[in-house]
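S.K.: What follows is a single structure, and I will ask about it in a moment.
The values are calculated or read from the model by the stated rules, or taken from the named source; none is laboratory data. Nothing here was measured: the structure is a model prediction, and the numbers come from that model. Don't worry about glycine lacking a Cβ; one is built from the backbone with ideal geometry, like all the others, and counts go over all protein chains shown. All accessible areas refer to the heavy atoms of the entire protein, side chains included, with ligands and DNA or RNA removed. Shrake-Rupley method; radii C 1.70, N 1.55, O 1.52, S 1.80 Å.
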Amino acid sequence: MSRVAIVGGGIGGLTAALLLSRRGEQVVIYERAGQVGGRVAFEEEGPYRIDRGPTIVLLPEMLTGILEEGGLPPGSLELLRCDPLCRIHFGSGRVLNKVAGLEAQAAEIDREFPGEGSGFLRFMGDMAGLFPRGKASFLEQPFSRRRQFFRPANLALMSRLRAYRSLRSAVGNYFRSEELRDAFSLQSLYIGGAPFRTPGIYTMLPYAESAFGIWMLKGGYGELPRILSRELLSRGVEIHTGTEVEGLTVEEGRCTGITAGGVKHSYDAVLYNGEFPQLEELLPAELFAGMADAKRGKGTRGRIKRGRYQPSSGCVLIYAGADRRWPESETHQFFLPDSLNDNLRELFDQGRISHLPSYYVFNPAALDDSAAPPGESVLYFLIPVPADPGLDWESIAGPLAERVLEDAEQRGFPGLKASLKWKKLRTPADAYKEGLYGGGSFGIAPVLSQLGVFRPQPRPYPIKSLYAAGASVHPGGGVPIVMQGARMAVHELMKEMKP
């Protein structure tokens, strides 16, 4: 039996602990916050409770498959399928429902965009063959060596997935309408990226929506860490909350433990599940190749380079409780401005917040009647904004939220403002205080220079017994994908620990 420390009790850390404890390893989790879950948590006020971070469940079979591998008892969580999958409100006044079934979706597209349904069917047909290969090659494989990534088969697949183009450009091959291009590329916002910057390989996201559905977890995504922690505690896994890890011990090229509360603890392996760019702060300074050494001509053999990372976008989040429901509303809705592309270029290229930006609304009571008190609603508004914790968010966030609520009232939630009984805002400054890198909400940005082999790996450094998982680690962000990254890290760890 090996003793493994997990630094950070986010979903990646909890998943790793589930898989390791299932294999009989002794696991101890150290979490600096007062509760586990990281981004996956609840905001609560009186009778109201709603997810703080992720709300959309994609790739449900990946999520449940990893939990089953970890030995989570069947029936531990209940996923609810959304149909319509989501509703998109365009600035022009058009409304598009994304629905289950290819022919039904093509007909829905043709209803609002005559002649465009065939493009959707062509997109789904092309991706049906590419998605399984992309999943196996890029979502389920670590790239500890560059040659593993740059294999001829991978390069050919990346070309077919149009990795050399942006997501928005890639879907442009299938749709003439700018609004449909928006509808099938806005998924990059789920992971904090701009559709015109996120590589075309992420066409797997809009494909996965239509192929496998959009779901929600009954009770909210915030139930997941509660379910996992209960299972882990029943197995004897130690979970220390309110405990910050101050450093990692590295001896002769191997990570041999951690320091917490000024006390050193020895372990056979360490898995880091914090914000990856902050891992360097925990490692001994002498491990890094510094600029000063290079200028003086000193050798840097055996050292590792410091990373420079671009954060994902930030968010202003509005959590609200209302004393009514909207029977015609859907669980997941997107409200877009006249030009989503122009709107997001303001955000990502100029670091500016549009007067009326795009935003997403989560209305769980539309599907889960128990999500709010009878006859009432809990609502979640996500507004993409620059990941700049230095902006004056105290003066920016309030007026921005008011404009969004007014717009939502006009376009989909009549009587919204008068019905509000509770409202709370969260900004990139709050995210930064809680330790999210650069104030971004999704880890490091999904850009080409931070994709695949260029992203931190489950075994991130040439240091034995040190592993990593999380939104900034390959294969990337999104709850099931983070869980998949934790799974890869555990498999790498177990290979190294074999006698």
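S.K.: In this structure, does Y467 turn out to be within 26 Å of the chain's Cα centre (by Cα), among the aromatic types (F, W, Y), farther than 22 Å from L167 by Cβ and open to solvent by less than 20 Å² (accessible area, probe 1.4 Å)?
M.R.: So Y467 passes the test.
S.K.: Taking the stretch 427-450, which residues are surrounded by 22 or more Cβ atoms within 10 Å (Cβ to Cβ), on the phi < 0 side of the Ramachandran plot and assigned to a loop (DSSP other than H, G, I, E, B)?
M.R.: Listed by number, the residues that qualify are T427, L436, G440, S441, F442, A445, P446.
S.K.: Let me ask another. Residue by residue through the stretch 378-399, note down the ones that are in contact (Cβ under 8 Å) with a residue 40 or more places away in the chain and among the charged types (D, E, K, R).
M.R.: D388
For (1) touching a helix residue (DSSP H, G or I) at 6+ places or on another chain (Cβ under 8 Å); (2) farther than 22 Å from V27 by Cβ; (3) buried (at least 22 other Cβ atoms within 10 Å of the Cβ), each residue gets a yes or a no:
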{"residue": "G213", "(1), (2), (3)": "yes, yes, no"}
{"residue": "K218", "(1), (2), (3)": "yes, yes, no"}
{"residue": "I227", "(1), (2), (3)": "no, no, no"}
{"residue": "R230", "(1), (2), (3)": "no, no, no"}
{"residue": "L233", "(1), (2), (3)": "no, no, no"}
{"residue": "H240", "(1), (2), (3)": "no, no, no"}
{"residue": "E246", "(1), (2), (3)": "yes, no, no"}
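S.K.: Would you mind stating whether Q148 is modelled with pLDDT under 95, surrounded by fewer than 23 Cβ atoms within 10 Å (Cβ to Cβ) and under 22 Å from the mean Cα position of the chain (by Cα)?
M.R.: Criteria not met by Q148.
S.K.: Determine if the stretch 2-17 includes at least one residue that is of a type in the set (D, E, K, R), open to solvent by 10 Å² or more (accessible area, probe 1.4 Å) and either touching a strand residue (DSSP E or B) at 6+ places or on another chain (Cβ under 6 Å) or part of a loop (DSSP other than H, G, I, E, B) (or both).
M.R.: Yes: one or more hits.
S.K.: Could you count how many residues in the stretch 483-499 are among the polar types (S, T, N, Q) and either part of a loop (DSSP other than H, G, I, E, B) or surrounded by fewer than 24 Cβ atoms within 10 Å (Cβ to Cβ) (or both)?
M.R.: Number satisfying all stated conditions: 0.
S.K.: Quick check, is S159 modelled with pLDDT under 95 and surrounded by fewer than 18 Cβ atoms within 10 Å (Cβ to Cβ)?
M.R.: Yes; evaluated as a whole, the condition is true for this residue.
S.K.: Test each condition in (1) touching a Phe, Trp or Tyr at 6+ places or on another chain (Cβ under 8 Å); (2) in a helix (DSSP H, G or I); (3) of a type outside the set (F, W, Y); (4) farther than 13 Å from G13 by Cβ for P475 and report the one that comes out false.
M.R.: Here P475 clears every test but (2).
S.K.: Related question: Restricting to the stretch 308-335, give me the number of residues that are open to solvent by 30 Å² or more (accessible area, probe 1.4 Å) and among the hydroxyl-bearing types (S, T, Y).
M.R.: Within the stretch 308-335, residues that are open to solvent by 30 Å² or more (accessible area, probe 1.4 Å) and among the hydroxyl-bearing types (S, T, Y) number 1.
A quick yes/no check of all residues on (1) closer than 23 Å to G477 by Cβ; (2) at pLDDT 95 or above; (3) out of contact with any Asp or Glu (no Cβ under 6 Å at 6 or more places or on another chain); (4) not hydroxyl-bearing (S, T, Y):
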position	(1), (2), (3), (4)
R324	no, yes, yes, yes
H332	yes, yes, yes, yes
N341	yes, no, yes, yes
Q350	no, no, yes, yes
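S.K.: Additional query: Which count do you get for residues in the stretch 346-377 that are open to solvent by less than 10 Å² (accessible area, probe 1.4 Å), under 22 Å from the mean Cα position of the chain (by Cα) and in contact (Cβ under 8 Å) with a residue 60 or more places away in the chain?
M.R.: Matching residues across the stretch 346-377 total 3.
Residues are listed down the side, and each one gets a yes or a no for (1) under 30 Å from L228 (Cβ atoms); (2) out of contact with any His (no Cβ under 8 Å at 6 or more places or on another chain); (3) aromatic (F, W, Y):
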{"position": "L79", "(1), (2), (3)": "yes, yes, no"}
{"position": "R87", "(1), (2), (3)": "no, no, no"}
{"position": "E103", "(1), (2), (3)": "no, yes, no"}
{"position": "F113", "(1), (2), (3)": "no, yes, yes"}
{"position": "G117", "(1), (2), (3)": "no, yes, no"}
{"position": "F120", "(1), (2), (3)": "no, yes, yes"}
{"position": "M124", "(1), (2), (3)": "no, yes, no"}
{"position": "M127", "(1), (2), (3)": "no, yes, no"}
{"position": "A136", "(1), (2), (3)": "yes, yes, no"}
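S.K.: List pairs: first in the stretch 30-41 and in contact (Cβ under 8 Å) with a residue 40 or more places away in the chain, second of a type in the set (F, W, Y) and assigned to a loop (DSSP other than H, G, I, E, B), Cβ under 8 Å, 6+ apart or cross-chain?
M.R.: Listed pairs, sorted by first residue: V40/Y221.
S.K.: With the condition being of a type in the set (V, I, T), I'd like the strands (runs of 3 or more DSSP E) fully within the stretch 217-276 carrying at least 2 qualifying residues.
M.R.: 245-251, 254-260
S.K.: Criterion first (open to solvent by less than 10 Å² (accessible area, probe 1.4 Å) and at pLDDT 95 or above) does V479 satisfy it?
M.R.: So V479 does not fit the description; no.
S.K.: So for the stretch 397-418 (the condition being open to solvent by less than 20 Å² (accessible area, probe 1.4 Å) and within 15 Å of the chain's Cα centre (by Cα)), does at least one residue qualify?
M.R.: no
S.K.: Give the residue that is farthest from D323 (Cα to Cα), with candidates limited to residues of the stretch 43-62 that are part of a strand (DSSP E or B) and open to solvent by 20 Å² or more (accessible area, probe 1.4 Å).
M.R.: The residue in question is E44.
S.K.: May I pose another question? Among the residues of the stretch 168-199, write down those that are without any contact (Cβ under 8 Å) to a residue 40 or more places away in the chain and surrounded by 24 or more Cβ atoms within 10 Å (Cβ to Cβ).
M.R.: A170, S185, Q187
S.K.: Can you pull out every residue in the stretch 63-75 that is open to solvent by 20 Å² or more (accessible area, probe 1.4 Å) and under 27 Å from S441 (Cβ atoms)?
M.R.: T64, G65
S.K.: Same structure, new question: Looking at the stretch 92-139, which of its residues are among the polar types (S, T, N, Q), open to solvent by less than 40 Å² (accessible area, probe 1.4 Å) and outside any helix (DSSP H, G or I)?
M.R.: N97
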